[in-house]
Amino acid sequence: MSETVAVDISRLSGRRKLRSGPKGRAVDPRALADVRALLGDAPRRRDLLIEHLHRIQDAHGHLSAAHLAALAQEMRLAQTEVYEVATFYHHFDVVKEGEAPPPPITVRVCETLSCQMAGADALRASLTTTLDGRDVRVIGAPCIGRCEHAPAAVVGRHTIDDATPQKVEDAVRARRTEAVALAYTDLAAYRAAGGYRTLAACTSGERTVDHAFARGLQLLAVALGGGALAVLFVRRVSARWKNEPPPAS
Ligand code: FES
């Protein structure tokens, strides 16, 4: 006589339940409200992700896990995508759950080659001794684009050229943390001084493409030293451009 066995399949069906929300952590409504306030009317396009991360970092001094999840939802991006971008860039401080946020002031000492050769290690060691603590942290950073003034450091967003322990400590004590715009030539002044003259002549038809190309080759020959080999190279390039047989060596 066959025996009947009862099997409980309720737990199996539970595993097949469809996900009711997006993948990843649940979004905290307060974090979402923060993000919406910071982004305002700005478009939520994916190419603006870094800009939006900057807004959060600037406002809070770091990027919390809750804010990253909220930003992902607001921009309709995967949480992993937002996290990967945020952790790729050195100037973003991602703070996971349970981690302490960074101190209010961060001093970055460039540790790339030019600054290394100009004493960045000693500078960082000195600053770590005098400044590192509850209100300030001293960390290394990749090149900050001030190599001609090595060693370079940044207090917050304030760049310090030819940095010494004294200069950096003074900036920290005075709370000079904002970037100072450098003197630069704007587009109007550059054009007024003759900038882009050749481009304008080409686009207006005053110069032909051949004319511009020949001038470019002349300049290339000069840049290559103007010797016989440079001239020969330029003549060969020119012949190829014009589909002519190459000149005799
Ligand atoms: S190597 Fe230090 S600023 Fe470039």
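Since every read-out is calculated from the coordinates, none of them should be taken as a lab result. Source: prediction; values computed, not measured. Here Cβ is always computed from backbone atoms with ideal geometry, including for glycine, and neighbour counts include all displayed protein chains.
DSSP loop chymotrypsin sites (Phe, Trp or Tyr not before Pro) in the range 126-221 with at most 12 other Cβ atoms within 10 Å of their Cβ, which ones? Taking the range 126-221 and a limit of 12 other Cβ atoms within 10 Å, the loop chymotrypsin sites (Phe, Trp or Tyr not before Pro) found are TYR184, TYR196.
Projecting the Cα atoms of ALA189, MET117, GLY133 onto the charge dipole of the chain, computed from C-beta unit charges around the Cα centre, puts ALA189 farthest toward the positive end. In a simple Cβ point-charge model (Lys, Arg +1; Asp, Glu -1; nothing else charged), the range 23-95 has a dipole of about 260 debye relative to its Cα centre.
Look at the alpha carbon pairs under 8 Å that are at least 6 residues apart: their mean separation over the length of the chain gives a relative contact order of 10 percent. Taking amide H positions as modeled 1.01 Å from N, with prolines and chain starts lacking one, the residues under 5 Å from GLY140 and 5 or more places away or on another chain are VAL109. Checking every one of the chymotrypsin sites (Phe, Trp or Tyr not before Pro) in the range 36-89 against DSSP loop status and a limit of 14 other Cβ atoms within 10 Å picks out TYR89. Using the Cβ-Cβ distance between PHE233 and ARG175 with R0 set to 45 Å, the FRET efficiency works out to roughly 0.20. About the centre of its Cα atoms, the chain shows a dipole size close to 780 debye [charges on the beta carbon of Lys, Arg (+1) and Asp, Glu (-1) only; nearest 20 debye]. Among HIS60, HIS90, HIS52, a tally of other beta-carbon atoms within 10 Å of each Cβ gives an order, fewest to most, of HIS90, HIS60, HIS52. Quotient of the Cα radius of gyration of the range 74-218 and 2.2 N^0.38 Å, N being its number of residues: 1.53. Neighbour counts of other Cβ atoms within 10 Å put LEU63, LEU38 in the fewest-to-most order LEU38, LEU63.
Rg/Rh for the chain stands at 1.22; both radii use Cα atoms, and Rh follows the Kirkwood definition. Taking every DSSP helix (H) stretch of at least 4 residues in the chain, weighting each as -39,500 (n - 2.57) and dividing the sum by the residue count yields a mean residue ellipticity at 222 nm of -14000 deg cm²/dmol. Here the Karplus curve 6.51 cos²θ - 1.76 cosθ + 1.60, taken at θ = phi - 60°, turns the phi angles of the range 138-146 into couplings of 10, 9, x, 8, x, 2, 10, x, 10 Hz, with x standing for Gly and Pro. Against the main long axis of the alpha-carbon atoms of the chain, helix 209-223 sits at an angle near 90°. Computed from label points 7 Å out along Cα-Cβ, the spacing between GLN218 and TYR89 is 4.4 nm.
Hey, if you put +1 on the Cβ of every Lys and Arg and -1 on every Asp and Glu Cβ in the chain, which of ALA200, LEU49, GLY227 ends up farthest toward the positive end of that dipole? Looking along the dipole axis, the top candidate is ALA200.
For the range 170-249, how big is the tail of P(r) above 18 Å, as a whole percent of Cα pairs? Roughly 65 percent, once rounded to a whole number. Put in order of Cβ neighbour count within 10 Å, fewest first, the listed residues GLU111, GLU178 become GLU178, GLU111. With the crude spin-label approximation of a point 7 Å out along Cα→Cβ, what separation in nm comes out for ARG25 versus ASP47? Reported label-point gap for ARG25 and ASP47 is 3.0 nm. By how many degrees, 0 to 90 and rounded to 10, does the Cα axis of helix 29-39 deviate from the longest principal axis of the chain? Helix 29-39 sits roughly 20 degrees off the main axis of the chain.
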